[in-house]
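Structure first, then comments.
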Amino acid sequence: MATASFRRVYVYLQTLSIDIVLGACAGMLFFARLVGAELNIILYVLLGLAVWCIYTFDHLLDARQIGSQASTFRHAFHQRHFKALSILLVVMGCLGLILALIMLRIKYIIGLGLGLGALILLVFILFKVRPRQWAFLKEIFIATLYVGGIMLAPFFHRESQLVPADFWWLGSAYVLVAWFNSAYLGILDRETDQKDGLYSLALRLGEPKSRKILRIILILMLGYIASFIFG
């Protein structure tokens, strides 16, 4: 019974992208510790709101794009609760903007954060408007922008003027991990994406070529690990 309840809770956390939010906050904490930055809790709240809004916006776009009943629980959930989630999205977005304007002391972080958020939303919209043409770049774009977002506050709140090389090296490694995860999930969701008329790298290239790309990413990740051990 406990296992079934835990699984049910986890499914809803995943459906509502809460797991992505927690992962982003954990990533920002990692980079903050790396450069000795002391981040106010409000920065984690703002990051969580931004990530949730972006991913929920993407899922709502998918839900609207799917003409019939969605094949996955996540998209079906967003179809059923489209209006409520849309209202919540607007409320959370406005709340995040108000908190940023009131609480952030480094004001140009607001502009950079808004610019990065707008770029991410633009990329998501491009993927919906031209899915076949942009499918090849979708995973790497999302991974790069996602990691850029979690590195932003630690970069501007670092203790010293000199940014350690490990900050950039580990940031690049984090991009590879996020890219691998996104591409792998695309392979797992290949059949349901095809049923629902959605596009991904796995659908554009086919599973064999997509798995080759995963192996290349894995080799690059192992190369990074080796460089830290033996470098």
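The values are calculated or read from the model by the stated rules, or taken from the named source; none is laboratory data. Nothing here was measured: the structure is a model prediction, and the numbers come from that model. All Cβ positions, even for glycine, are placed from backbone atoms using ideal geometry, and neighbour counts span all protein chains on display.
Structure values in brief
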read-out	value
Count of segment 45-71 residues which are surrounded by fewer than 19 Cβ atoms within 10 Å (Cβ to Cβ) and of a type in the set (Ser, Thr, Tyr)	2
Tally of residues being buried (at least 17 other Cβ atoms within 10 Å of the Cβ) and either of a type in the set (Asp, Glu) or not in a helix (DSSP H, G or I) (or both) across segment 6-23	2
Single condition residue 26 does not satisfy, out of (1) surrounded by 13 or more Cβ atoms within 10 Å (Cβ to Cβ); (2) small (Gly, Ala, Ser); (3) in a helix (DSSP H, G or I)	(1)
Members of segment 31-44 found to be free of Cβ contacts under 8 Å to residues at least 24 places away in the same chain and either surrounded by 18 or more Cβ atoms within 10 Å (Cβ to Cβ) or of a type in the set (A, V, I, L, M, F, W, C) (or both), listed by number	41, 44
Condition met for residue 164 (surrounded by fewer than 19 Cβ atoms within 10 Å (Cβ to Cβ) and at pLDDT 80 or above)	yes
Selection status of residue 125, out of contact with any strand residue (DSSP E or B) (no Cβ under 6 Å at 6 or more places or on another chain), part of a helix (DSSP H, G or I), exposed (fewer than 14 other Cβ atoms within 10 Å of the Cβ) and modelled with pLDDT under 80	yes
Test for residue 33: is it over 13 Å from the mean Cα position of the chain (by Cα), among the basic types (Lys, Arg) and at pLDDT below 90	no
Any hit, segment 136-157, residues being modelled with pLDDT under 80, among the hydrophobic types (A, V, I, L, M, F, W, C) and either within 16 Å of the chain's Cα centre (by Cα) or assigned to a helix (DSSP H, G or I) (or both)	yes
